[in-house]
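Reviewing the structure listed below.
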Amino acid sequence: MNVEKLENVTKVYEGSVKTVALKEINLAIEEGEFLAILGPSGSGKSTLLSILGVLDRPSKGKVYIYEKDITLLSDSEISKIRNEYIGFVFQNFNLIPRLSILQNVELPLVARGVPKKKREEIALASLKLVGLDGLASKKPSELSGGQQQRVAIARALAQNPKIILADEPTGNLDSFNAKIVMDIFKRVNEELKTTIVVVTHDKEVASYARRRIYIKDGKIVGEES
Ligand code: ADP
Ligand code: ADP
């Protein structure tokens with residue numbers, strides 16, 4: 001079963017200069033995959049991730065999530081699908097400084113209306129998966145960069161997503177912490193069967209994935225497993 005499928009997806013940014021960021025991309029992502037997307041700066045990686053994350057619509061082509069064509073849905077229906085299926089991890093962690101680690105991980109559950117006691121239970125279990133349940137009451141600024149990224153992964157896991165999309169998740173980490181973070185993605189993929197898609201410049205990081213696709217000038221130019 002495909003978690004996601006892109007069919008002839010083209011993305012054009014209109015403006016004073018028109019940029020064709022993606023050209024007729026065809027990509028099927030199977031349930032349980034661990035996929036890396038590699039390519040030089042400006043090749044369309046972030047655009048591809050925002051289409052996969054249904055944060056943006058293609059200019060042309062179709063996007064299927066579990067075989068449902070989402071390009072036909074309204075914005076609010078698309079938001080619902082995003083919240084239900086997709087977890088995001090960013091290069092800059094995106095944690096809220098004034099909230100505790102536990103509260104940061106609870107945040108997506110607050111949006112879903114999960115009661116407080118249940119939220120805390122899920123958030124603590126998610127923090128345990130990344131080995132940080134002992135730091136639940138700390139603030140983000142009291143943690144190292146590597147620890148903050150693990151909190152961001154726990155926050156994504158708390159919503160029990162089908163797919164986690166990570167944009168340069170190790171971009172701000174040294175190689176030691178990058179390895180810890182990638183080992184966590186690997187474990188989440190193997191044990192929870194969560195589909196993982198990582199955008200990276202880094203060959204070492206990409207080596208954790210079971211399939212790698214290369215993109216250049218908005219096109220898929222290579223693939224290896
Ligand atoms: P990458 O993530 O590989 O660096 P991007 O997807 O960010 O590539 O960008 C692909 C191309 O689209 C680039 O030429 C970039 O300048 C352009 N682009 C990206 N986002 C926008 C935008 N919001 N408006 C206009 N052009 C954009
Ligand atoms: P990265 O290198 O991490 O992919 P980028 O520098 O490509 O990041 O893009 C950072 C942000 O700026 C993204 O949200 C992207 O959509 C936007 N962006 C990139 N290029 C352009 C552009 N030419 N015009 C407007 N926005 C852009």
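Does residue 157 qualify as being open to solvent by less than 30 Å² (accessible area, probe 1.4 Å) and closer than 27 Å to residue 52 by Cβ? So residue 157 passes the test. Taking the criterion of being within 17 Å of the chain's Cα centre (by Cα), in a strand (DSSP E or B) and of a type in the set (Val, Ile, Thr), the residues of segment 19-66 that qualify are 29, 37, 63, 65.
The one condition from (1) in contact (Cβ under 8 Å) with a residue 24 or more places away in the chain; (2) closer than 15 Å to residue 218 by Cβ that residue 19 does not meet is (1). Restricted to helices (runs of 4 or more DSSP H) entirely inside segment 134-209, no element has at least 3 residues that are more than 17 Å from the chain's Cα centre (by Cα) and β-branched (Val, Ile, Thr). For segment 82-103, the criterion of being in contact with a Gly (Cβ under 6 Å, 6 or more places away or on another chain) and open to solvent by 50 Å² or more (accessible area, probe 1.4 Å) is satisfied by at least one residue.
Being surrounded by 16 or more Cβ atoms within 10 Å (Cβ to Cβ), without any contact (Cβ under 8 Å) to a residue 60 or more places away in the chain, farther than 19 Å from residue 194 by Cβ and more than 12 Å from ligand 1 (Cβ to nearest atom) holds for only one residue in 72, 6, and it is 6.
Screening residue 205 with (1) free of Cβ contacts under 8 Å to residues at least 60 places away in the same chain; (2) within 26 Å of residue 143 (Cα to Cα) gives one miss only, at (1). From the list 184, 220, the lone residue that is farther than 19 Å from residue 6 by Cβ and surrounded by fewer than 21 Cβ atoms within 10 Å (Cβ to Cβ) is 184. Exactly one residue out of 60, 45 is within 13 Å of residue 197 (Cβ to Cβ), charged (D, E, K, R) and within 16 Å of ligand 1 (Cβ to nearest atom), and it is 45.
Kindly provide the set of residues from segment 127-148 that are crowded, with 22+ Cβ neighbours inside 10 Å and closer than 21 Å to residue 33 by Cα, ordered by number. Of everything in segment 127-148, just one residue is crowded, with 22+ Cβ neighbours inside 10 Å and closer than 21 Å to residue 33 by Cα, namely 130. From the set of residues in segment 46-69 that are within 16 Å of ligand 2 (Cβ to nearest atom) and among the charged types (D, E, K, R), which is least open to solvent (accessible area, probe 1.4 Å)? Checked segment 46-69; the qualifying residue least open to solvent (accessible area, probe 1.4 Å) is 56.
The values are calculated or read from the model by the stated rules, or taken from the named source; none is laboratory data. The model shown is predicted, which means the values in this text are computed figures rather than measured ones. A quick note on method: Cβ atoms are made from the backbone with ideal geometry, for glycine too, and the neighbour counts reach across all protein chains shown. Remember, those area values only see protein heavy atoms, side chains included, never the ligands or the DNA or RNA. Shrake-Rupley method; radii C 1.70, N 1.55, O 1.52, S 1.80 Å.
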